[in-house]
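Every number in this text was worked out from the coordinates using simple rules, so none of it is lab data. This structure is a prediction, so every number in the text was calculated from the model and none was measured. Neighbour counts are summed over all protein chains in view; Cβ atoms, including those assigned to glycine, are modelled from backbone coordinates with ideal geometry.
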Amino acid sequence: MAKEHHFAARLVWTGAEQGPIKDYQSYSRDYRVEVEGKPPLVGSSDPKFLGDAGKHNPEDLLVIALSACHLLSYLAFCARAGIEVVAYEDQASGMMAIKDGRMRFVEVTLAPKVTIAAGDLEQAEALHEKAHDACFIANSVNFPVLHMPTVTRA
């Protein structure tokens, strides 16, 4: 595995099409993200910050990134261990609060529900800890990422 991995994205403030910023209440928070070779993603700020509730916001994307990273790490470990995963669903949630004088994420909780068809149930449960330790995104944030997995047999 390479020692460095690089990722790039282009972000465009599409809200400019609705006019310039004149005051905090009235400007558009809409943006588009482009990653080469992938469909564009449109977003806005959270409605609490006067954004469009129908678009993804940065807070959503951070919670999604943590959930997806855990999923992909977990599936890789299960595949290597011979555990046959037939279903995986996560109900991830994040909490922001003021800490050290700044609004920030203070915790994200992942609650994956996994169904396996073959393999050791206890090992399938234990691999969540290994997946957490391996998750690049969880290793990059400065707040706890908790996981409360449930593993059942099909």
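Excluding VAL33 itself, what net charge comes from residues whose Cβ is under 14 Å from its Cβ, given Lys and Arg +1 and Asp and Glu -1?
Net charge in that neighbourhood comes out at +1.
Counting Lys +1, Arg +1, Asp -1, Glu -1, what net charge surrounds ALA131 among other residues with beta carbon under 14 Å of its beta carbon?
Values: positive: ARG80, LYS130; negative: ASP90, GLU125, GLU129, ASP133.
The answer is -2.
So which cysteines of the chain have no other cysteine's Cβ under 4.7 Å from theirs?
For the chain, the answer is CYS78, because their Cβ atoms have no other cysteine Cβ under 4.7 Å.
So what are the ³J(HN,Hα) numbers for segment 141-147, from phi and the Karplus equation (6.51, -1.76, 1.60; θ = phi - 60°), rounded to whole Hz, Gly and Pro as x?
Values, residue by residue: 9, 9, 9, x, 10, 8, 9 Hz.
Summing Lys, Arg as +1 and Asp, Glu as -1, what charge do residues with Cβ under 15 Å from the Cβ of VAL106 carry, VAL106 excluded? Kindly include the intermediate steps, with their values, before the conclusion.
Details: positive: LYS99, ARG102, ARG104; negative: GLU59, ASP100, GLU107.
Net of charged neighbours comes to 0.
Over what distance in Å are the Cα centres of segment 76-149 and segment 1-66 separated?
25 Å
Read phi for every residue in segment 133-138 and hand back ³J(HN,Hα) as whole Hz from Karplus 6.51 cos²θ - 1.76 cosθ + 1.60, θ = phi - 60°, with x for Gly and Pro.
The phi angles translate into 5, 8, 5, 4, 6, 4 Hz.
What dipole magnitude, in Debye to the nearest 20, does the chain give about its Cα centre under +1 on Lys/Arg Cβ and -1 on Asp/Glu Cβ?
Details: 15 positive and 20 negative charges, 63 e Å.
For the chain, the charge dipole is close to 300 debye.
Report the one residue of ALA16, ALA87, PRO112 whose Cα lies farthest in the direction of the positive end of the charge dipole of the chain (charges on C-beta: Lys and Arg +1, Asp and Glu -1; origin at the Cα centre).
With unit charges placed on the Cβ atoms, the residue in question is ALA16.
What list of ³J(HN,Hα) values in whole Hz, one per residue of segment 76-87 in order, does the Karplus curve 6.51 cos²θ - 1.76 cosθ + 1.60 (θ = phi - 60°) give from phi, with Gly and Pro shown as x?
5, 5, 5, 4, 5, 8, x, 8, 8, 7, 10, 7
Applying 1/(1 + (r/R0)^6) with R0 = 30 Å to the Cβ-Cβ distance of GLU122 and LYS38, what FRET efficiency is obtained, to the nearest 0.05?
Details: r = 38 Å, r/R0 = 1.27.
Efficiency for this residue pair is about 0.20.
Using amide H atoms built in the peptide plane, which far-off residues or other-chain residues are under 5 Å from VAL151 H to H?
VAL114
Could you sort 112-120, 87-95, 30-38 so that the peptide with the highest average Cβ count within 10 Å comes first and the rest follow in order?
Working: 112-120: 16.4, 87-95: 14.9, 30-38: 13.0.
The peptides rank, most packed first, as 112-120, 87-95, 30-38.
List nothing, just return the count: lysine pairs in the chain, 8 or more apart or interchain, with Cα separation under 20 Å.
Numbers: LYS22/LYS48; LYS38/LYS55; LYS48/LYS99; LYS113/LYS130.
The result is 4.
Just the C-alpha atoms of segment 25-67: what Rg/Rh do they give, with Rh taken as the Kirkwood radius?
Numbers: Rg = 11.2 Å, Rh = 11.1 Å.
Computed over Cα atoms, the ratio is 1.02.
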